[in-house]
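The values are calculated or read from the model by the stated rules, or taken from the named source; none is laboratory data. Just so it is clear, the structure is predicted and the values come from calculations on it, not from any experiment. Here Cβ is always computed from backbone atoms with ideal geometry, including for glycine, and neighbour counts include all displayed protein chains. In case anyone asks, the SASA skips ligands and DNA or RNA and just uses the protein heavy atoms, side chains included. Shrake-Rupley method; radii C 1.70, N 1.55, O 1.52, S 1.80 Å.
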Amino acid sequence: MRKSFKICLIIIFILLVLGVAILITLEFKPSSNPKISKDIDKIANYNYHLQKRDTTLMQETFKSLKNLLSKKDIDYDLYATYLSELFIIDLFTMDNKNNKYDVGGLEYVLPEIADNYRLNVEDTLYKYLIETSKRTSNERYPVVKSINQESLENTQYTYQEVLYDAYKIILNWEYEENLGYQTKAEIILIKKDKQLYIVSYKGVEEKVDTED
């Protein structure tokens, strides 16, 4: 009887230890599948969605794109501009992201390169992004408050040995608070099956004027 009792106690103890270990693991392991914010708008026939958490600037730009794409004849220069702006606003507004895996701008990127884009952002720009539930007042992340197009060039771009009509755009932007993040970039988009996709992003250094 005593032997059976001891065996039961040992089993119970092992189960308790395993239970605690599992709870600790779940508590401290970041989720690679972040909570999805509720969609409040979308653009029919395109994989573009507006979420409840998106900023006022994001919402206004999304509305402009939606109105443009509802027209019979689409101004692709303007389409490229709005899409690039949405990409930058979503990517660099990090304050509303759940964690490093909640990568912004993904739906505007060419699907064939989306996985590489996601991994690159996770390992660089979003590398130290703390999960929302674990943030303190000491953690501050950028929010894009305004964005401007500096230039737009109609060009061509080769991807996987196919030549596409393309758009090269340079944008600059400002944040609600200057935390030292990128403020200017060159973006290239291609036109594929009447839809635009971002295929290249490159940060651009700001020129500083100096007096002699």
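Of all residues in region 165-183, those being surrounded by 16 or more Cβ atoms within 10 Å (Cβ to Cβ) and not hydrophobic (A, V, I, L, M, F, W, C) number 6. When region 84-134 is limited to residues that are modelled with pLDDT of 95 or more and among the small types (G, A, S), the one that is nearest to I198 (Cα to Cα) turns out to be S84.
Does T81 meet the test of being within 18 Å of K192 (Cα to Cα) and either touching a residue at least 24 places away in the same chain (Cβ under 8 Å) or among the aliphatic types (A, V, I, L, M) (or both)? Spelling it out, T81 is indeed within 18 Å of K192 (Cα to Cα) and either touching a residue at least 24 places away in the same chain (Cβ under 8 Å) or among the aliphatic types (A, V, I, L, M) (or both). The set of residues in region 101-124 being under 21 Å from D54 (Cα atoms) and charged (D, E, K, R) consists of D102, E107, R118, E122. Out of the residues in region 107-121 meeting the condition of being among the hydrophobic types (A, V, I, L, M, F, W, C) and free of Cβ contacts under 8 Å to residues at least 40 places away in the same chain, tell me which one is surrounded by the most Cβ atoms within 10 Å (Cβ to Cβ). Taking the candidates together, the pick is V121. The residue list D165, D102 contains one member that is acidic (D, E) and under 19 Å from the mean Cα position of the chain (by Cα), which is D102. Among the residues making up region 132-149, those that are farther than 21 Å from I169 by Cβ and open to solvent by 40 Å² or more (accessible area, probe 1.4 Å) are T132, S133, K134, R135, T136, S137, N138, E139, R140. Number of residues in region 62-103 that are assigned to a loop (DSSP other than H, G, I, E, B), hydrophobic (A, V, I, L, M, F, W, C) and surrounded by fewer than 19 Cβ atoms within 10 Å (Cβ to Cβ) equals 1.
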